[in-house]
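Nothing in this text is a laboratory measurement; each read-out follows from the coordinates by a stated rule. Predicted model only: the values in this text are computed from it and were never measured. Here the Cβ is made from the backbone with ideal geometry for all residues, glycine too, and neighbour counts use every protein chain on show.
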Amino acid sequence: MKRKITLGLLGVLILIQFIRPTRNSSTEESPNEISKYYQVPADIHTILKKSCYDCHSNNTKYPWYANLQPVGWWLQNHVNEGKRELNFSEFGTYAEKKAKHKFDEIEEMVKEGEMPLPSYTLIHRDAQLTPEQSSAIASWAGALK
């Protein structure tokens, strides 16, 4: 009986590898990219790309383990949720009131150390913000709200 259950679970695990979520990858910069509508200094843009864009843009750089299901499903859900909350690639489509609110949220989340998420920086150490980077992003976003 144990053998049948083990083989059944193994079979399911193998089968789910063929059910893959759609990737969040774009080869071109969006016409609604934040930098086309708001002043984004080069140093801030570099930080945003390194620490924020995987979850908050239309172009995620997927790690190797995103190919393993159900981890890939979990990651894609996380990316989709992040994009619903804030999408730098579609920022130009936001109404002025919404954009100002998003800048306010960026400032608050970065100041309080809530972004990037600890679960993300645990694996992506280079995405961790230094106190200087956090301060720079918060100041930039605060000036635009």
At 7 Å along the Cα-to-beta-carbon direction for both Arg125 and Lys2, put a label point, then send me their distance in nm to one decimal.
-> 4.0 nm
What residues of the range 78-103 lie in the reach of a label at Ser26, counting those whose backbone N is under 13 Å from a point 7 Å from the Cα along Cα→Cβ?
-> 83-84, 87-94
If you average over every viewing direction, what projected area does the convex hull of the Cα atoms of the range 72-145 give, in nm²?
-> 5.3 nm²
Which angle from 0 to 90°, rounded to the nearest 10, does the C-alpha axis of helix 71-85 make with the longest principal axis of the chain?
-> 20 degrees
So how strong a dipole does the range 21-70 carry about its Cα centre when Lys and Arg Cβ are +1 and Asp and Glu Cβ are -1, to the nearest 20 debye?
-> 120 debye
Convex hull around the C-alpha positions of the chain: the volume in Å³ per residue is 129 Å³
From fewest to most C-beta neighbours within 10 Å, the residues His45, His101 line up as His101, His45
